[in-house]
Amino acid sequence: MKKVAIIGIVGLPAKYGGFETLVNHIIINKNYEEIQYSVYCSSRSYKYKLAKYNDARLVYLPFKANGIQSLIYDVTSLIHASLYNDIILILGISGCFFLPIYRIFSKKKIIINMDGLEHRRQKWRKWIKCFLLFSERMAIKYSNIIITDNKGIQKYVKDKYKKQTELIAYGGDHAICKVESDIIKCITNKYGIVNEEYSFSVCRIEPENNVHLILESFMKANKKIIFVGNWMKSEYSRKIYRKYENERNIKLLFPIYNLSILFLFRSNCQFYIHGHSAGGTNPSLVEAMFFSKPILAFDVIYNRETTSNKAHYFSSVDTLVALLKKDKKDFFENSINMGIIARELYSWKKITNQYENLFKN
């Protein structure tokens, strides 16, 4: 029996984060019965605390999983998990600053999914970027295996640290779901998403996701977009919301976590717009690809790798406006290819098998 602890997330059942969704599907799609999972959870986030979730043991710690307390949460999770498990899967690198000390007293097998390049995100202050870069270095130096979810991140690690990584992406087939007829009627009537052409986007409203660029492009092109995000989170998001909330062709919606509603928006849109410029394989992009809709993505290596260079790409207001004004037939191959690539590379069954192979070996 291989005892595997998973740390670095809020917990299970999954709330709404990408890593939580990843763990949820690894547990659900478990193939190898000789693996026993323990998932570390923040007790602050769960009113009702389950002892088990789909045969995974849930361990609760009394710290917040986000903010400054997350460092205590991550370190405590690592120490506690080492007492009872053979392998520890760490999701994210923020708690890896502790690994030099940890390696003094523990030789447990450590597998780290480093996510994106956190120290490059525009939202962080300089001292936080320095801390995250240090944690990244410690993760690379003291782990047994590093997982990268994108060839762009894999190349970065090889070039900067001269280390090989395991390439395991992110699943997205959970975004395809059955929708009750009353929900279909309610949403289609409320937002007019059947009889009207529109583009769709969903993300955190942060500078590196180029939300300002996307909305300005739709204003210039006079095309409709429905955009879902956390518009009240920061001064950046609030400023954008105030600027565009009353525009006729722009509909700004607050966070939606209901997969059925997101399914309707995605399945009826003309384009999916993806503005992320930092990170690796982004969950929202992978999910959108399963709908076989044309993807217009910001032109960075991570998005090109995720879409196998077969989407359309923009880097400015002018280039996105030009794409929006192109003839529909120019996007036929884009839409077909997105569905093919998604089914080939980004099913949760495939992702789970890749993780289990690491645990078994």
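Computed from the coordinates by the stated procedures, all read-outs in this text should not be read as laboratory data. Because the structure is predicted, anything quoted here is derived from the model rather than measured. Don't worry about glycine lacking a Cβ; one is built from the backbone with ideal geometry, like all the others, and counts go over all protein chains shown.
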Please list the radius of gyration and Dmax for segment 31-74, considering alpha-carbon atoms only, with Å as the unit. 12.2, 37
Using just the C-alpha positions of the chain as equal point scatterers, what log10 of I(q)/I(0) does the Debye formula give at each q in 0.06, 0.11, 0.13 1/Å? -0.23, -0.78, -1.08
Counting each DSSP H run of 4 or more residues in the chain as -39500 (n - 2.57), what helix-only mean residue ellipticity at 222 nm follows after dividing by all residues, to the nearest 500 deg cm²/dmol? -12500 deg cm²/dmol
Using 0.36 nm times the number of residues separating Phe134 and Glu196, minus their current alpha carbon distance, what extension gain do you get? 17.4 nm
Of Lys64/Lys293; Lys243/Lys350; Lys190/Lys220; Lys158/Lys360; Lys129/Lys155, which sit over 32 Å apart, Cα to Cα? Lys64/Lys293; Lys243/Lys350
Can you give me the Kirkwood hydrodynamic radius for segment 193-236, using every pair of distinct Cα atoms, in Å to one decimal? 11.4 Å
Answer in debye to the nearest 20: the dipole magnitude of segment 200-350 about its Cα centre, from +1 Lys/Arg and -1 Asp/Glu charges placed on Cβ, is 400 debye
Over the Cα atoms of segment 160-209, how large are the radius of gyration and the largest Cα-Cα distance (Dmax), in Å? 18.8, 55
Please report, in whole Å, how far the alpha carbons of segment 205-361 spread along each principal axis, starting with the longest. 54, 37, 29
Taking the chain as a Gaussian network, Cα atoms linked when under 10 Å apart, which of Ile214, Ile101, Ile187 shows the biggest mean-square fluctuation? Ile101
D_trans [Stokes-Einstein, Kirkwood Rh over alpha-carbon pairs] for segment 309-361, 20 °C, 1.002 mPa s, µm² s⁻¹: 156 µm²/s
Work out how much length Lys155 to Asp55 would gain on full extension: take 0.36 nm times their residue separation and subtract the Cα-Cα distance, in nm to one decimal. 32.4 nm
At q = 0.12, 0.17, 0.22 Å⁻¹, work out log10 I(q)/I(0) for segment 138-270 with the Debye formula, treating every Cα as an identical point scatterer and leaving solvent out; two decimals please. -0.65, -0.96, -1.22
Multiply the residue separation of Asn246 and Gln69 by 0.36 nm, subtract the distance between their alpha-carbon atoms, and state the gained length in nm to one decimal. 59.9 nm
In Hz, Karplus ³J(HN,Hα) per residue of segment 157-173 (6.51, -1.76, 1.60; θ = phi - 60°; x = Gly, Pro): 5, 5, 5, 7, 10, 6, 10, 8, 10, 8, 8, 9, 7, 9, x, x, 5
With 22 Å as the limit, write out which pairs from Lys3/Lys108; Lys15/Lys185; Lys15/Lys160 have Cα-Cα distances beyond it, or answer none. Lys15/Lys185; Lys15/Lys160
